[in-house]
1. In terms of Cα to Cα distance under 18 Å, which aspartates and glutamates are near enough to A:Lys66, apart from those fewer than 8 places away along the same chain?
2. Determine the dipole magnitude for chain B: charges of +1 sit on the beta-carbon of Lys and Arg, -1 on that of Asp and Glu, nothing else is charged, the reference point is the Cα centre, and the result goes in debye to the nearest 20.
3. Where does chain A land on Rg/Rh, using Cα atoms and the Kirkwood Rh?
4. Let me check against my output: what whole-number percent is the relative contact order of chain B, with C-alpha pairs under 8 Å and at least 6 apart?
5. What is the average number of partner chain Cβ atoms found within 10 Å of a Cβ in A:10-20?
6. Against the 2.2 N^0.38 Å scaling, with N counting residues, where does segment B:16-99 land? I'd like the Cα-based Rg ratio to two decimal places.
7. Give the long-range amide H neighbours of B:Leu48: residues separated by 5 or more places, or on another chain, with amide H under 5 Å away, using H modelled in the peptide plane at 1.01 Å from N.
8. List the lysines whose alpha-carbon lies under 23 Å from that of A:Lys64, not counting same-chain residues fewer than 8 positions away?
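Computed from the coordinates by the stated procedures, all read-outs in this text should not be read as laboratory data. Given the structure is predicted, the values throughout are model-derived calculations rather than measurements. Quick reminder, even Gly has a Cβ in these numbers, built from the backbone with ideal geometry, and neighbours come from all protein chains shown.
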Amino acid sequence: GAVVSQHPSWVICKSGTSVKIECRSLDFQATTMFWYRQFPKQSLMLMATSNEGSKATYEQGVEKDKFLINHASLTLSTLTVTSAHPEDSSFYICSAEGFSGANVLTFGAGSRLTVL
Amino acid sequence: AQSVTQLGSHVSVSEGALVLLRCNYSSSVPPYLFWYVQYPNQGLQLLLKYTTGATLVKGINGFEAEFKKSETSFHLTKPSAHMSDAAEYFCAVSDRVFAGGTSYGKLTFGQGTILTVHP
């Protein structure tokens, strides 16, 4: 139980285009979802926290107009990288926190974004 | 603010040897602590976590960690390394939010330790 599905697992796009990444909790309701970014050979850095039905809270230095986060339901959050540039190339990982018999916190498998 | 320091970005052990990965934390509240493992191009898998109670925590794949408040440490150990343990390991501390319930999912990660296991 407590499975989080992240899609797509990898995506290649041209500079200037927008890319959407989905994070779904498959068997529990995720009251809160978190989005992290991981550059090569580096640790995970929190980008933003989203609660269902509320605006996301962004970490300092993260451009909210560039990284649009939507958490429209208790099972789905999306991250849209708008007007992507090569420096946005990274590994994006979501996690979902909720309740499934007990408190759960589960990570998705990550999405590798490459911007050409 | 919470922070995590992992001592040693690379650790190399022989198969069958003890694995010790070090983690020290800083937290303004009683910490929730986590160890995750990440294989190349994959997400994070939880090895174990400490929230409250027993300070020696046992996790999956034979790993365990001990919470030592006096030393602000949460080192990860495994008595006998296996080739399949080769991966990157992350220690994390929770930045708990108390607002109509407790959310502990906002994590601050250490910089990671790459474990290499030699035959």
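1. Result set, ordered by chain and number: A:Glu22, A:Glu87, A:Asp88.
2. Result for chain B is approximately 300 debye, rounded to the nearest 20.
3. 0.96
4. 36
5. Average neighbour count from other chains, rounded to a whole number: 0.
6. Rg over 2.2 N^0.38 Å, computed on Cα atoms: 1.11.
7. B:Trp35
8. A:Lys14, A:Lys20, A:Lys55, B:Lys106
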